[in-house]
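All remarks here apply to the structure that follows.
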């Protein structure tokens, strides 16, 4: 087994263990943060040494080392790094949990990286669980009633979901006789359209698997957990849930759909495509409509994040209509949208981490007059929200535009129209927050203090939001350098 | 100077960013530097106007750089005879709105930043020749207007601002869908590729089944901005609650974005659909003229009256455009500029009156010509322009438009629409003269004894606008010579 191709992941696992050891043995708690950051950078360096080569498979096809996986390795490492920097102050307030926080965040990121690389139903399930179990503990970290409540909700629903996912994967294996995604595709490909009814078990298995993955990305109707868990979790973990965990879900959902459901456009693949399109339309509509009524900022962002999942799902819905089972041929739009989404979420949640004193009950009114108390925070929040809304000249607009173009090219014009109408609905609640920030009288007069690290995160994310829209060639060059072909 | 258009567009934006980051500047420095930037933009746009080759019909001062090659999205700028007058108009109104805003006292720095961003985005819309770039500038405009109205406005400013944003975003969302569909059916976002003269790549080659919905998606976006009648309900609220500087840009420049978009995209790219649905649009134009005029008669607030009068006069622009004739479209282009100047002057003088008397209702005013003779003169001159008195630009523009639409052979029964539209001229004479009489004449009211007249600065920019209105009115060829050839190029696809 060519384990050396898993260097970045192994490096991250070792770092997680070292972090726990440092936390136990060393009195200087800041060392934990330094070690985690060093580990992330080292892992990124190792990922760099792997990039650019031809696609390979690791461990008899358990994992893939392709441009798609490497893209996600960099993405997750980057987000985790920024998330750790953003939560420096927050974690310092909980000195006892310093080591656990960093170690678990690192294992969650490790799980996410493995998820993006997995191409066998065994590795898929194990990687997803690695992320999920790390996050169960992190959600409960604060140990107050709110945090515990949401952790219990998350664990119970997550456990049910794991059972569904496992059942689905087992059925898929049972009816296709293969555990690797490629094997499943071959088995599916040999099914004749007229015999599809005889393979009801496979259809049920696929449907259950898709439901299990839809839970991870909080798509309607598997979204109920998101608002409660987002609200109750410590904010850095909310940030992590809404970016790394969600994008990991997308990475495997996209790979699963592309690699097993590209059936040369027959009735079955269209059915799956349309089902995903309907889920996508329902997610954005429900997410946006429910967000309007929210007062808690984290609940509002949870619903907004459900809506964002809807936009990203649009593209995955077109995948079954594609024909070739390879993630390489996948358009840049989804990957571009993910970067835009991650940058915007980073900006917005970092502001919340810095500004919120009471981590568990933050209403939008607490942000009144933020512009007067801290212009940097206000600007970052505004840019992040405008990017989520899809307003030029921010990269969120470009991401949305490319997604719409690609979806329209696959003939799902009705879905584009629903999405476009949804952007208008979303403008209402995003602008309401922006209005609160800039126009209301300040909620309090205390200065908002923060160390340099979270501010750095804000600057990086805002800079990225603007830069990638003005110079989208940078992103395209990056994708080409990774070896993703348009 | 190959990049002069880029400089014109981005200078205000760069200045806005600089203002945002420079440490605490004194208020005066901010006001002077913003005004200097607006002056520089005006100077450069006049330079363009002077060096524009009037014998050509195509784009001039073009810049094209690849931006996202995979989407055929280029950084492509250029001006022709239709957009150039609007660029100059925007630059002029930008300067005037800076001067007006010297009075602003709260959050000065933010105000000028948003005003500069707004100017940049409007100029960008008029110069973009790529649909994606066009849309980006079109969309950016919403944010500054939202802030400008909801912070520095009056009355129920927040609701008006939100109403404006939601209407505009709904329109531009449809436009975005239109752009996406255009790319889907043609594979291009470049306007010149999509033009009918271009054979294979053009939208004219697309089956009518798919091009008609796209035409209407674009039209909806522009109609909200213009505004065309069923989509106009944001306008009176927004105009009456916005600060005067924003009123000027909204009515003078932003409304023109709608009309310009209709000419540049709906008419130029979809000539067949335009011709087929022209009667519907002409009906809406005439309804706008008459309905706006009647509502203006019934208004009790000065700014709302001007808002409806503006809507009525923009109806002439729509009439001229969709009559689809050479003369009518030249008239419509002229009317865009003339309406921009006249409405701006009306708003400025109304703003002075409201500011000095502190009363927005017409009923509570009267006899103000005694206390503020200069303001009264300017208002009367602007009003005479609005009702189309010969020698003002309003006359030249509306006369050309009506003449053109009456004689248009492209659309059947354009004569009847013109005949009904003439009633609008009559209506505007009634409400303008009646307003002048109610506000400035009649017995002097004792409450206004201490009201002061317009100051030196105010007289300066009002005088400037009056001079331009009369120069264009007496010698409209200054503009028509620029507009003429570009309109010929567009109308030639109509086959009329």
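In terms of other Cβ atoms within 10 Å, A:87, A:190, B:274, B:481 run from fewest to most in the order A:190, B:481, B:274, A:87. In the P(r) worked out for the range A:349-486, what percent of Cα pairs fall beyond 24 Å? The share of Cα pairs beyond 24 Å in the range A:349-486 comes to 42 percent.
Each 20 Å bin, from zero up to the one with the longest distance, holds this percent of the alpha carbon pairs of chain A: 25, 60, 15, 0. When shorter helices are ignored and each DSSP H run of at least 4 residues is given -39500 (n - 2.57), the per-residue value for chain B at 222 nm works out to -23500 deg cm²/dmol. Every Cα-Cα pair of the range A:17-164 was included, and the share exceeding 22 Å stands at 47 percent. Under the shape rule built on the C-alpha gyration tensor, where the axes satisfy a ≥ b ≥ c, the range A:63-118 is oblate, since a/c reaches at least 1.5 while a/b does not exceed b/c. Using the Stokes-Einstein relation with a Kirkwood hydrodynamic radius computed over Cα pairs, the translational diffusion coefficient of chain B at 25 °C and a viscosity of 0.890 mPa s comes to 109 µm²/s. Computed over Cα pairs, the Kirkwood radius of the range B:305-365 leads via Stokes-Einstein (1.002 mPa s, 20 °C) to a diffusion coefficient of 166 µm² per second.
Specify the angular offset, from 0 to 90 degrees and rounded to the nearest 10, of the alpha carbon long axis of helix A:472-482 from the longest principal axis of the alpha carbons in chain A. That helix lies at roughly 50 degrees to the long axis. Between residue A:122 and residue A:363, the simple spin-label model (points 7 angstrom out along Cα→Cβ) gives 5.4 nm.
From helices alone, chain A scores -24500 deg cm²/dmol at 222 nm; the rule is -39500 (n - 2.57) for each run of n ≥ 4 DSSP H residues, then divide by the residue total. The alpha carbons of the range A:144-229 give a radius of gyration and a Dmax of 16.3, 57 Å, in that order. Built from the Cα atoms of the range B:392-496, the convex hull projects on average onto 9.7 nm², one quarter of its surface area. Remark: mean inter-chain Cβ contacts per residue of A:393-406 equal 4, using a 10 Å Cβ-Cβ cutoff to other protein chain atoms.
The fraction of Cα-Cα pairs per 10 angstrom bin, counted from 0 for the range A:90-163, comes to 20, 43, 29, 8, 0 percent, rounded to whole percents. Is the range B:35-176 best put as rounded, prolate or oblate by its Cα gyration tensor, with a ≥ b ≥ c the root eigenvalues, rounded for a/c under 1.5, and otherwise prolate when a/b is larger than b/c, oblate when not? Verdict is oblate for the range B:35-176. Counted by neighbouring Cβ atoms within 10 Å, the residues B:188, B:154, A:304, A:43 run from fewest to most as B:154, B:188, A:304, A:43.
Restricted to Cα atoms, the protein assembly as shown shows a radius of gyration and a Dmax of 30.5, 100 angstrom. Using the Stokes-Einstein relation with a Kirkwood hydrodynamic radius computed over Cα pairs, the translational diffusion coefficient of the range B:13-96 at 10 °C and a viscosity of 1.306 mPa s comes to 105 µm²/s. Label-to-label distance for residue B:488 and residue B:470 is 3.3 nm, based on points extended 7 Å past Cα in the beta-carbon direction. Shape summary of the range B:112-181, radius of gyration then Dmax from alpha carbon positions: 13.0, 40 Å. Any idea what angle helix B:326-357 forms with the longest principal axis of chain B, computed on alpha-carbon atoms, 0 to 90 degrees, nearest 10? So the inclination is approximately 30 degrees. Rounded to the nearest 10 degrees, the inclination of helix A:452-470 to the longest alpha-carbon principal axis of chain A is 50 degrees.
Computed from the coordinates by the stated procedures, all read-outs in this text should not be read as laboratory data. Computed from a prediction, not measured in an experiment: that's the story for all the values here. Positions of Cβ are generated from backbone atoms using ideal geometry, with glycine treated the same way; all protein chains shown enter the neighbour counts.
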